[in-house]
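Worksheet: one structure, shown below.
The values are calculated or read from the model by the stated rules, or taken from the named source; none is laboratory data. Just so we're clear, the structure is a prediction, and the values are computed from it rather than from any experiment. Virtual Cβ from ideal backbone geometry, glycine too; neighbours counted across all protein chains shown.
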Amino acid sequence: MSKTWFITGAARGLGAAITRAALAAGDRVVVTGRNRAALVEAFGENSDTVLALALDVTDAAQIQAAVDAATARFGGIDVLVNNAGYGHLGLFEETLAQDARTQFDTNVFGVFDMTRAVLPVMRAQRSGRIFNVSSIGGLAGGASGSIYCASKFAVEGFSESLADEVKGFGIHVTIVEPGFFRTDFLDSSSVRHTDNPIADYAEASAAIRAFYDARSHNQAGDPAKLGQALVALASADQPPIRWAAGTDAIGVVEAKAAGLQAELNAWRDLSASTDGDFAFREEPQTEMAWS
Ligand SMILES: NC(=O)c1ccc[n+]([C@@H]2O[C@H](COP(=O)([O-])OP(=O)(O)OC[C@H]3O[C@@H](n4cnc5c(N)ncnc54)[C@H](OP(=O)(O)O)[C@@H]3O)[C@@H](O)[C@H]2O)c1
């Protein structure tokens with residue numbers, strides 16, 4: 001059965017590729033972005049299958065208006081893709097406090113606000129799919145990722161928790177963890193680099209900048225293939241909670257899983273030593289309340 005998608009940041013990059021894949025599958029797409037003219041240029045004027053709406057995910061009023069327009073036009077939303085985002089890359093001490101807040105406004109609070117607006121629609125339908133585009137940097141941090149990875153880790157904790165809360169309504173949440181994909185992500189039109197230089201970091205900072213600049217528009221991941229994969233996942237009976245995109249992402253997940261296990265084993269005795277010798281009415285809980 002054909003679906004209605006709602007995609008943020010759809011004018012270019014992964015959002016545009018996911019849109020093309022959904023349209024090719026015969027679905028309808030509410031394409032949203034900060035610049036509506038760019039959406040019309042990419043996907044044409046509104047049609048039976050496309051509704052283009054101006055939407056900055058940091059603008060809660062615009063979010064609600066867009067969700068209302070989408071449901072009025074297509075009668076519901078089957079798949080929400082929280083894709084809009086950007087990377088603020090650089091060393092933490094060279095990052096301004098406001099840069100971090102601005103990063104979270106888009107990558108985290110934008111996702112919260114979009115999801116909050118769409119969930120009532122999906123709950124009423126008793127069905128829905130939410131793809132939260134995180135990053136492999138949402139699973140593993142590293143130098144230059146303190147702000148960006150923190151924002152994507154937040155998306156992952158949010159998504160894992162939400163998935164548990166809404167599964168009873170037939171709503172599935174999947175975290176998408178791309179590796180490096182060939183989009184404008186590392187282009188100066190999207191990425192932000194720290195600009196508060198500290199002499200001690202000059203060499204490290206220059207190396208990081210050179211690393212990213214060399215990869216801009218030279219990434220291995222194909223956005224069109226990611227789009228096709230999301231179309232497949234949108235029809236999976238039991239979609240994964242996390243889905244890594246690209247062989248580079250697979251490598252990061254494997255290293256993270258192995259590293260967590262090895263470190264747990266190395267410190268297991270000390271970890272286990274903190275249980276109290278208190279009396280319990282029941283067995284001490286070995287699981288978190290929410291697991
Ligand atoms: N490409 C990668 O290697 C990679 C890897 C891991 C994760 N990701 C994630 O994938 C997502 C898409 O990035 P991309 O690679 O497609 O990069 P991109 O080519 O730079 O596209 C980013 C899109 O997000 C939109 N956007 C940014 N801030 C927004 C806001 N406040 N409101 C609405 N739209 C906003 C941009 O809109 P404008 O056109 O108006 O600027 C653009 O359409 C992001 O969440 C990113 O973190 C990308």
Quiz item: What is the number of the single condition among (1) within 23 Å of Arg116 (Cα to Cα); (2) within 10 Å of the ligand (Cβ to nearest atom); (3) surrounded by fewer than 21 Cβ atoms within 10 Å (Cβ to Cβ); (4) in contact (Cβ under 8 Å) with a residue 12 or more places away in the chain that Arg12 does not meet?
Solution: (1)
Quiz item: Of all residues in the range 61-86 being closer than 22 Å to Arg101 by Cα and within 11 Å of the ligand (Cβ to nearest atom), which is surrounded by the fewest Cβ atoms within 10 Å (Cβ to Cβ)?
Solution: Gln62
Quiz prompt | Candidate set: the range 156-189, residues that are hydroxyl-bearing (Ser, Thr, Tyr) and either part of a loop (DSSP other than H, G, I, E, B) or at pLDDT below 95 (or both); chosen: the one farthest from the ligand (Cβ to nearest atom) | solution = Ser188
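Only one residue in Ser188, Ser146 is farther than 20 Å from Ile18 by Cβ and touching a helix residue (DSSP H, G or I) at 6+ places or on another chain (Cβ under 6 Å). Which one?
Ser146 is the lone residue from the list that is farther than 20 Å from Ile18 by Cβ and touching a helix residue (DSSP H, G or I) at 6+ places or on another chain (Cβ under 6 Å).
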Quiz item: Identify, please: which residue in the range 15-31 is in contact with a strand residue (DSSP E or B) (Cβ under 8 Å, 6 or more places away or on another chain) and either modelled with pLDDT under 95 or over 23 Å from Gly221 (Cβ atoms) (or both) and is, among those, surrounded by the fewest Cβ atoms within 10 Å (Cβ to Cβ)?
Solution: Arg28
Quiz item: So which residues in the range 105-130 are near the ligand (Cβ under 10 Å from one of its atoms) and among the small types (Gly, Ala, Ser), if there are any at all?
Solution: Gly110
Exercise. Check whether at least one residue in the range 190-205 is hydroxyl-bearing (Ser, Thr, Tyr) and within 12 Å of the ligand (Cβ to nearest atom), and report yes or no.
Key: yes
Self-check item: Residues satisfying the stated conditions in the range 223-235, i.e. free of Cβ contacts under 8 Å to residues at least 60 places away in the same chain and not small (Gly, Ala, Ser)
Solution: Lys225
Exercise. From the list Leu39, Leu96, Leu91, pick out the single residue that is within 10 Å of the ligand (Cβ to nearest atom), closer than 24 Å to Val108 by Cα and over 18 Å from the mean Cα position of the chain (by Cα).
Key: Leu39
